[in-house]
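These notes are about the structure you will find just below.
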Amino acid sequence: MKSKLYDKIATIYFYAVAVFLILFLASLISYILYQGRTKLNIDFLTSPPKFMEAGGGIGPQLFNSLELLIITLIISIPIGLGAGIYMAEYAKPGLLTEIIRLSIETLSSMPSIVVGLFGLLVFVTMTGWGYSLIAGALALTVLNLPVMTRVSEDSIRSVPNSLREASYALGSTKWQTIVKVVVPAAMPGIITGIILTAGRIFGEAAALLYTAGMSSPALNFSNLNPSSPTSPLNIVRPAETLAVYIWKVNSEGLAPDARQIADGAAAVLLLMVLIFNILARWLGNTLYKRMTGER
């Protein structure tokens, strides 16, 4: 009798926690969108910001955020997935493996401001690139690699051994088994790692203050010369992101409508994260079904 009572209490408690979290998240999203509703228009999304004037937009910062996301994921996904495959399939128990795990855990707990200072020293100063898009992307790669590696490793380890054994029984090599069987089966978990990584890229500001910079040149989208300072394809130009711009607008307060700009930029940033998460989930499910032959 007591066990049933305890079971009911536990069930009610967990349902209450779930409902509370959902309501809290919904209220937070609704508040941010409501506060920034007046700025959600095409002119705000495409026009550049104005210095000490009202009515500026977030066009360059929005583009820089998207470009930084793409470049960082291009660098992070192959390295993180490769490291996860190595740790799950090839690494043998021993001192070297323990050192690698300790290094990954230490790096995952590193404050982003420290990674930003490391990026300032290595990617900004030593390379001679200065504050640039590629410096910010490399700093975020350092910041996100532990998450991507651990999630990939855990997803690959969760694949049943029976799938591997069936593949080996058909004459497949270890690499063929990993590429054709294990990775497709682990795809939902890997997509989760990519979403976590992307969310941190969108919202990161501290590391980018010292690497990507707090300014952005006027971009000429008809200029496709990667070496031109005004070209959107130039990865060694300063690239202030949306998160950094929100911090700068709030801290400086030079624009008369600084609060409205910050609220609008925060709403846009939130919508970007939501849209990316939905698209990533849809793409991950589509790839998983295509790889496994499900309908």
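Here are the numbers for the structure shown:
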quantity: Of ALA185, ALA18, ALA265, the one that fluctuates the most in a GNM where the chain has Cα springs shorter than 10 Å; calculated: ALA18
quantity: Hits among lysines - C-alpha to C-alpha of LYS50 under 30 Å, sequence gap 8 or more where chains match; calculated: LYS39, LYS248
quantity: Relative packing of 110-116, 279-285, 198-204, 170-176, which averages over residues the other C-beta atoms within 10 Å, highest first; calculated: 198-204, 110-116, 279-285, 170-176
quantity: 3J(HN,Hα) from dihedral phi, the stretch 14-23, Karplus parametrisation 6.51/-1.76/1.60, rounded to Hz, x for glycine, proline; calculated: 5, 5, 5, 4, 4, 5, 4, 5, 5, 5
quantity: Spread of Cα-to-Cα distances over 5 Å intervals beginning at zero, given as percent, for the chain; calculated: 1, 5, 9, 12, 13, 14, 13, 11, 9, 6, 4, 2, 1, 0, 0, 0
quantity: Accessible surface, the chain, averaged per residue in Å² (probe 1.4 Å); calculated: 56 Å²
quantity: Mean Cβ count within 10 Å, highest first, over the residues of peptides 41-54, 206-219; calculated: 206-219, 41-54
quantity: Over the stretch 38-153, equivalent-ellipsoid semi-axes from the Cα gyration tensor in Å; calculated: 36, 17, 12
quantity: Accessible carbon and sulfur surface of the stretch 37-292 relative to its total accessible area, %, 1.4 Å; calculated: 68 percent
quantity: Average Cα contact separation per residue, the chain, under 8 Å, 6 or more apart, as relative contact order %; calculated: 25 percent
quantity: Sequence-distant lysines (8 or more away, or on other chains) whose Cα lies within less than 28 Å of LYS92; calculated: LYS174, LYS180
quantity: Inter-probe distance in nm under a simple model that places probes 7 Å from Cα toward Cβ, at VAL179 and THR230; calculated: 4.5 nm
quantity: The stretch 150-223 versus the stretch 41-55: alpha-carbon centroid distance in Å; calculated: 35 Å
quantity: The stretch 1-80: relative contact order as a whole-number percent, Cα under 8 Å and 6+ apart; calculated: 14 percent
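The values are calculated or read from the model by the stated rules, or taken from the named source; none is laboratory data. Computed from a predicted structure; not experimentally measured. Cβ coordinates were reconstructed from backbone atoms using ideal geometry, including for glycine residues, and neighbour counts include every protein chain displayed. Calculation scope for accessible area: heavy atoms of the full protein, side chains included, ligands and nucleic acids excluded. Shrake-Rupley method; radii C 1.70, N 1.55, O 1.52, S 1.80 Å.
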